[in-house]
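Asks: Following this message is one structure expressed as structure tokens.
The values are calculated or read from the model by the stated rules, or taken from the named source; none is laboratory data. All values reported here derive from a predicted model rather than from experimental measurement. With ideal geometry, Cβ positions are generated from the backbone for all residues, glycine too; neighbour counts draw on all protein chains shown. For the accessible areas, the whole protein counts, side chains as well, though only heavy atoms, and no ligand, DNA or RNA atoms are used. Shrake-Rupley method; radii C 1.70, N 1.55, O 1.52, S 1.80 Å.
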Amino acid sequence: MNYQIIFFTVIILIALISLKGKFKVKNIISSLPTSKGGWPERPLFAITHVTVHHSATGTNQTSLDFANYHVFTRKWKGIAYHYVIDFDGTINKTNKHSANSWHNGTNNSESIGICLVGDFTRSEPSKDQLKSLMWLLKKLSNDKDMNIAYCVGHRELGRPTSCPGNLDMNKIRNDSGLKYGSSVALKNRAKAK
């Protein structure tokens, strides 16, 4: 009987360890180019929502590709996104949460930007990307330094863009427990009525 208890305890511990390591965030901030001193800082308590993007590129593009484009072509202070999720589900942290980066064009000071690599007007995100996105949204919403309760797709902020493609933002919100909205998104929804 004692051997059975030990056996099942070991199996449960192995399962827990494998689940814990399944989602890993790679902090690559220091490996990405910046210019002009990088992004200005903002208080973490001001962050209330997440804006979801797609890269509108092939799935082989990397965080470094986006950073190079943003810094050297667009002449921005750094990569626009706080996280980039690769097609294989790898989560790359590309900015500190306090970085007030330019990723949505309207209310960047309130938002964390997450970009999924791929063009979701033509294809679907991978299952691994969606699982990583759900995990990250839940992790961010549980961060007590921030006040994240909302999640929007980039175009829901009234921007002339197809971003984030055909991602089902209602399903993403439902599955993550986050609500629709931001100060700008709610104003745009009211205008549409």
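Asks: Would you confirm whether or not the range 143-151 contains a residue that is open to solvent by 30 Å² or more (accessible area, probe 1.4 Å) and under 25 Å from THR59 (Cα atoms)?
Replies: Scanning the range 143-151, I find no residue that is open to solvent by 30 Å² or more (accessible area, probe 1.4 Å) and under 25 Å from THR59 (Cα atoms), so the answer is no.
Asks: Return the residues of the range 158-191 that are open to solvent by 90 Å² or more (accessible area, probe 1.4 Å), at pLDDT 90 or above and outside any loop (DSSP other than H, G, I, E, B); say none if nothing qualifies.
Replies: ASN170, LYS171, ASN174, LYS179
Asks: Within the range 82-93, count every residue that is surrounded by fewer than 21 Cβ atoms within 10 Å (Cβ to Cβ) and assigned to a loop (DSSP other than H, G, I, E, B).
Replies: Result for the range 82-93: 4.
Asks: So, in the range 130-157, how many residues would count as being under 15 Å from VAL50 (Cβ atoms) and part of a helix (DSSP H, G or I)?
Replies: So the answer is 15.
Asks: Answer yes or no as to whether THR51 is in contact with a Leu (Cβ under 8 Å, 6 or more places away or on another chain), open to solvent by less than 40 Å² (accessible area, probe 1.4 Å), touching a residue at least 60 places away in the same chain (Cβ under 8 Å) and within 20 Å of ALA149 (Cα to Cα).
Replies: When the stated conditions are applied, THR51 passes them.
Asks: Go through (1) modelled with pLDDT of 95 or more; (2) over 16 Å from THR94 (Cβ atoms); (3) of a type outside the set (Ser, Thr, Tyr) one by one and return the number of the condition ASN27 breaks.
Replies: (2)
Asks: Criterion first (of a type in the set (Gly, Ala, Ser) and closer than 15 Å to TYR83 by Cβ) does SER141 satisfy it?
Replies: yes
Asks: Name every residue in the range 43-55 that is within 15 Å of the chain's Cα centre (by Cα) and either within 19 Å of ASN92 (Cβ to Cβ) or hydrophobic (A, V, I, L, M, F, W, C) (or both), in order of residue number.
Replies: Correct list: ILE47, VAL50, THR51, VAL52, HIS53, HIS54, SER55.
Table: residues versus (1) open to solvent by 50 Å² or more (accessible area, probe 1.4 Å); (2) outside any loop (DSSP other than H, G, I, E, B).
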{"position": "LEU64", "(1), (2)": "yes, yes"}
{"position": "ILE79", "(1), (2)": "no, no"}
{"position": "ASN95", "(1), (2)": "no, no"}
{"position": "TRP102", "(1), (2)": "yes, no"}
{"position": "THR106", "(1), (2)": "yes, no"}
{"position": "GLY118", "(1), (2)": "no, no"}
{"position": "PRO125", "(1), (2)": "no, no"}
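Asks: Please verify whether TYR69 is under 24 Å from SER141 (Cβ atoms) and open to solvent by 10 Å² or more (accessible area, probe 1.4 Å), treating the condition exactly as stated.
Replies: no
Asks: I want to confirm something. Restricting to the range 20-39 and keeping residues that are open to solvent by 100 Å² or more (accessible area, probe 1.4 Å), in contact with a strand residue (DSSP E or B) (Cβ under 8 Å, 6 or more places away or on another chain) and not in a loop (DSSP other than H, G, I, E, B), which single residue is nearest to ASP86 (Cα to Cα)?
Replies: LYS26
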